[in-house]
Amino acid sequence: MKLEAPTSAITNVRILDPETERISEPTTIRMSGDHIASVGGDADADALDAAGRIAMPGLIDCHVHVLANTPDLGSLGDESPAYLTACAINTMQGALRRGFTTLRDAGGADFGLARAAAEGLFVAPRLFFGGKSLSQTGGHADMRAPGSTVMDNHQCCPHIGMVCDGVDEVRRGARQQFRTGADHLKLMLSGGVASPTDRVDSTQFSDEEIRAAVEEAEAANRYVLGHAYTARAINRGLRLGVRSIEHGNLLDEETVSLFVEHDAFLVPTLVTYQRLKADGARLGLPEASQQKVDDVLGAGLAALRLADEGGVNIAYGSDLLGEMWHHQSREFEIRAQVQSAGAILRGATTVAARLLQAEGELGVIAEGARADLLLLESNPLEDVTVLARPEESIHRVISRGSAVAP
């Protein structure tokens, strides 16, 4: 994969605005390097002719694990960081081909990978990273089997998380991630599917530990995202200042009210449960984790509907692992069962950008914004599921002001 020469302008292009759900008359987008210089005016002689196609902002996936080359997350700590980095490059480039020009890693990616992508050492989406997730002993990022005792928290060991117990350890763990420049901090607030020894319906960390992490994030002008499934775990996290809840399959009406009250964000990841059910065993998901998939698989759509009807900020997420990454765009099809096209598009653009603290910079086509956009063959406002087939619906991906070439 490579980037073509920088594109100075695109003319005869209609711009999709996810907020207003309107498409403009044909116009011109001018770019200067990595930014959009202007929108409107006459065409330049050397402009790329979009032939009336629709341009929309580049897509944002707010829940990925670019280093997770297998559903067996417990095995990652024994892998070579160099090997997993090579896997991550392939993973990120695949996402870019599908139109995802920005990714938020929810555990594992570090400052080195983000820096390499930013410096153009390889063609990749923009990467927002959080370093290692924080987990209590026996929590969702503690991948030790019941009989294991050793957990290596060294930053060069590619575990997705580190184990912290007590307020002091949580503060130290949070400060370590922010010391490396992390854009956010991930906390495990409940049990999960991929971890070997916890229950999905458990709550994790004490109130004091959660609040300590939130305080450290606030001090760094960053925020906390929390892995949580049940209403009990989600509601507790929201009350203690967690800004973004990942998954949330078992939320309730009280949860919806708390999301709205705190202007917090929900990042459902429905496609991953479908793929774990279909492909997990074949791709190495441990049997104990396979048995937990059904605990959350069926409830996701109902939770999404409740949150959508309640006015919750909902961002796009996929959470796919290993070969399952090929299904990243299928989340559009799943959400279309309960959400409008406009709501889904905002979740992958403007709402996602606000979550990433990049409002006005990402997720929009406007003067001063980053030059990340897609030229489309179809109108996703009429049928958002066309984005689930990017090989058919996306004519060209523009990343950092340049067209992406295979």
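Summary table below
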| read-out | value |
| --- | --- |
| Computed over the range 338-391: relative contact order in percent, which uses C-alpha pairs under 8 Å that are six or more apart | 29 percent |
| Stretch gain in nm, segment Ala281-Arg175, where the contour uses 0.36 nm per residue and the Cα spacing is subtracted | 34.5 nm |
| Gain in span if fully extended, Asn90 to His326, counting 0.36 nm per residue against the direct Cα distance | 83.8 nm |
| For the chain, share of DSSP beta bridges that run antiparallel, in % to the nearest 5 | 45 percent |
| Along the chain, longest interval not containing exposed GluC sites (Glu not before Pro), exposed being DSSP loop plus at most 10 other Cβ atoms within 10 Å | 120-381 |
| Per residue, in Å², the accessible surface of the range 1-53 once ligands and nucleic acids are set aside, probe 1.4 Å | 55 Å² |
| Set of aspartates and glutamates near Lys132 by C-alpha distance (under 13 Å), chain-local residues within fewer than 8 positions excluded | Asp105, Asp110, Asp142, Asp152, Asp183 |
| The chain: relative contact order in percent, alpha carbon pairs under 8 Å with at least 6 residues between | 21 percent |
| Net charge over other residues, Cβ less than 13 angstrom from the Cβ of Gly58 (K, R count +1; D, E count -1) | +2 |
| Residue-count net charge about Ser206 - beta-carbon cut-off 11 Å; Lys, Arg +1, Asp, Glu -1 | -2 |
| Three-way shape label, the range 314-406, alpha-carbon gyration tensor, a/c 1.5 | rounded |
| Percent carbon-and-sulfur accessible area, the range 1-132, ignoring ligands, DNA and RNA, probe 1.4 Å | 49 percent |
| Surface per residue (accessible, 1.4 Å probe) for the range 253-354, Å² | 37 Å² |
| Simple label model, 7 Å out from Cα along Cβ direction - Glu361 to Arg115, nm | 1.9 nm |
| Net charge of Cβ neighbours under 9 Å - reference Ile23; Lys, Arg +1; Asp, Glu -1 | -1 |
| Residue among Ala43, Ala82, Ala106 with the largest mean-square fluctuation in a Gaussian network model of the chain, springs linking Cα atoms under 10 Å | Ala82 |
| Estimated 222 nm signal from helices in the chain, with DSSP H stretches of n ≥ 4 weighted -39500 (n - 2.57), rounded to 500 | -8500 deg cm²/dmol |
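The values are calculated or read from the model by the stated rules, or taken from the named source; none is laboratory data. Since we're looking at a predicted model, the values are computed, not measured. Note that each Cβ is placed from the backbone with ideal geometry, even for glycine, and that neighbours are counted across all protein chains shown. Accessible surface is based on the protein model in full, side chains and every heavy atom, while ligands, DNA and RNA are left aside. Shrake-Rupley method; radii C 1.70, N 1.55, O 1.52, S 1.80 Å.
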